[in-house]
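Quick notes on the structure that follows.
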Amino acid sequence: MPGRPLGKGSVKETRFHASTENGFGRPAAVGSSVRVTRARLVHRALLISDTISLGIAFMLAWGVVGPGISGSAAAIFLGTLPAWWLGAQLYRLYDRDLERPGHSTVEDFGAVLHLLTLGVWLAYAAAHLSGNHPSPSRFLTFWASAIPLVMIARSCTRAFARRRRAYLQNAVIVGAGDVGQLVARKFLQSPEY
């Protein structure tokens, strides 16, 4: 109601503070939006978690199954990491959080499964065509361990990123009437908003 006085502690008195950090402890650039810093935070965090989980899966497959990790196998694995990053970008595994903040890791399962299956099959075929005789058990172990490791790492990464200050989004509520105050109260009481 216009002209109605607001009591102490009303929604209109509550102040919202915008984030001045970009999620990595550095001040955000002048004119940068929270959306850009949130996008960088989630993209980088997911990229790092994917790399670490693939590395662990590689160490499990080549270290546990067989004689150990050779220098050439490690070099080939490190050389294929950019292909994983490009494939994940093509499957839009790093962009979905920007479209919908509530995007869950469960929704990534199909794309991760397909990308890992295709990548492992192509790596096995390339090793076989190059004259090497690759061990199917190593590739199968890598595939079977990479899927849960990537999914768990992505889930933990999203939980970490959602607690960072850079993940917050600004909201503008137009109107100071009853409906506007109700919307503002819902924002303040619900952490998922």
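In whole percent, and with a 1.4 Å probe on the protein chains, what portion of the accessible area of segment 127-184 is carbon and sulfur? The partial results should precede the final answer.
Details: 2390 of 3630 Å².
Here carbon and sulfur together make up 66 percent of the probe-accessible area.
Which of the listed residues, Ser145, Gln169, Leu93, is farthest toward the dipole's positive end in segment 89-175, when Lys, Arg count +1 and Asp, Glu count -1 at the beta-carbon?
Farthest towards the positive end: Gln169.
Hey, any idea what % of segment 53-126's accessible area is carbon plus sulfur with a 1.4 Å probe?
C and S atoms contribute 76 percent here.
Averaged per residue, what accessible surface does segment 77-193 expose to a 1.4 Å probe, in Å²?
Value returned for segment 77-193: 63 Å² of accessible area per residue.
Can you work out the FRET efficiency for the pair Ala125 and Arg96, with r the C-beta to C-beta distance and R0 = 22 Å, to the nearest 0.05? Don't skip to the end; give the middle numbers.
Values: r = 29 Å, r/R0 = 1.33.
The pair Ala125/Arg96 has a calculated efficiency of 0.15.
If you filter segment 78-187 for trypsin sites (Lys or Arg not before Pro), then keep DSSP loop positions with at most 14 other Cβ within 10 Å, what is left?
When the trypsin sites (Lys or Arg not before Pro) of segment 78-187 are filtered for loop state and at most 14 Cβ neighbours within 10 Å, Arg92, Arg163 remain.
Using a Förster distance of 22 Å, how high is the FRET efficiency between Val106 and Leu81, based on the Cβ-Cβ distance and rounded to 0.05?
Values: r = 25 Å, r/R0 = 1.14.
In this case the efficiency is close to 0.30.
Indicate the gyration tensor shape class of segment 64-193 (rounded, prolate or oblate), computed on the Cα atoms with a ≥ b ≥ c the square roots of the eigenvalues: a/c under 1.5 is rounded; otherwise a/b larger than b/c is prolate and the rest oblate.
prolate
The values are calculated or read from the model by the stated rules, or taken from the named source; none is laboratory data. Not measured: the values here are computed from a predicted model. Cβ: placed from backbone, ideal geometry, glycine included. Neighbour counts: every protein chain shown. The accessibility values were calculated without ligands, DNA or RNA, using every heavy atom of the protein model including side chains. Shrake-Rupley method; radii C 1.70, N 1.55, O 1.52, S 1.80 Å.
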